[in-house]
Amino acid sequence: MNNNKPRLRDGRKSNTRELYSLNEIPEEVIVKLCGHIVFLAAVGRKDISGDDFGDALAKAVNGVHYGSPIGIVDVAAGKMAWSVKTIKTRQPLNARTASLISGRNSPDYSYGIENPHDDIQKTGVAVLKIWNERINIAYSKFNPVRSMVLIRNYDLTQFVLFEEEIQQVIPSNYVWRVNRSGNLEGYDVQTNRHCFTWQPHGAQFTIKAKLPSNVFKFEVKKPTSLDEQAFLMTLQYGKDWVHILS
């Protein structure tokens, strides 16, 4: 008998469809992710984007990478979904925090707050309510919903990978302050930890995440760049591939 969760007569079946437990990413998924990165580097790419990471994850889990996010969901495999983020830094293996840009968040559009500095606490609450609603949209279709973050170095050879479960936040748990740049920063009331930043110009919302203790750290060999002419010869590329329309 499982002593952690009691069995209830009126209990509903969980709608969760986990491929694996939180932050226990299978080695085969990591190897497939790295394979896509190696391929991009081999064809001459100097860096990868969030869309590249989304493509790589979708292939690694046999999922779908959405062109337009569903709430906050970029990639899904069945009922399991991820918001994917990638960050570039010189020494990813030493990273302790990560700034996760989480898209446009407009209290003006959503709540009619024209001047966000008139009442920064009201603006901060609105920002977090908008974020919560995007989470609601995600959970209406998927469960679990996680963030997957890839921190990379400048030559795509060192990486840190981790997941976090995405849950709604309680707006009253945060107090907002204005920094020197005029941006709003949200701090945890209990710990005074800087948790969020919101920029009035551009309405960009950023989450300040602490890396969990069990992140995945790995290095990838830098591939030799494919020779363009040799590759075209392999495809038997010639003028018959080109149809000039005008």
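Here are the numbers for this structure:
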{"item": "Filtered residue count, segment 150-190, keeping only those that are part of a loop (DSSP other than H, G, I, E, B) and within 28 Å of PHE53 (Cα to Cα)", "result": "9"}
{"item": "Flag if VAL189 is surrounded by fewer than 19 Cβ atoms within 10 Å (Cβ to Cβ) and free of Cβ contacts under 8 Å to residues at least 24 places away in the same chain", "result": "yes"}
{"item": "Boolean, ILE207 is closer than 21 Å to GLY50 by Cβ, part of a strand (DSSP E or B) and touching a Cys at 6+ places or on another chain (Cβ under 8 Å)", "result": "yes"}
{"item": "Complete set of residues in segment 120-154 that are more than 30 Å from ASP108 (Cβ to Cβ) and either at pLDDT below 95 or in contact with a Leu (Cβ under 6 Å, 6 or more places away or on another chain) (or both)", "result": "LEU150"}
{"item": "Neighbours by Cβ (under 7 Å, 6+ apart or cross-chain): first from segment 19-37, assigned to a loop (DSSP other than H, G, I, E, B); second surrounded by 12 or more Cβ atoms within 10 Å (Cβ to Cβ) and basic (Lys, Arg)", "result": "LEU22/ARG146"}
{"item": "Test: residue in segment 87-103 that is in contact with a Ser or Thr (Cβ under 8 Å, 6 or more places away or on another chain) and modelled with pLDDT under 95", "result": "yes"}
{"item": "Only one of VAL145, VAL169 that is more than 16 Å from the chain's Cα centre (by Cα), in contact (Cβ under 8 Å) with a residue 24 or more places away in the chain and surrounded by 13 or more Cβ atoms within 10 Å (Cβ to Cβ)", "result": "VAL169"}
{"item": "Residue ID - surrounded by the fewest Cβ atoms within 10 Å (Cβ to Cβ), chosen from residues in segment 213-246 that are in contact with a helix residue (DSSP H, G or I) (Cβ under 8 Å, 6 or more places away or on another chain) and among the hydroxyl-bearing types (Ser, Thr, Tyr)", "result": "THR224"}
{"item": "Any hit, segment 109-128, residues being more than 27 Å from ILE70 (Cα to Cα) and of a type in the set (Lys, Arg)", "result": "no"}
{"item": "Top-ranked residue in segment 133-149 [being polar (S, T, N, Q) and in a loop (DSSP other than H, G, I, E, B); ranked as farthest from VAL160 (Cα to Cα)]", "result": "SER140"}
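The values are calculated or read from the model by the stated rules, or taken from the named source; none is laboratory data. Remember, it's a predicted structure, so these values are computed and weren't measured experimentally. All Cβ positions, even for glycine, are placed from backbone atoms using ideal geometry, and neighbour counts span all protein chains on display.
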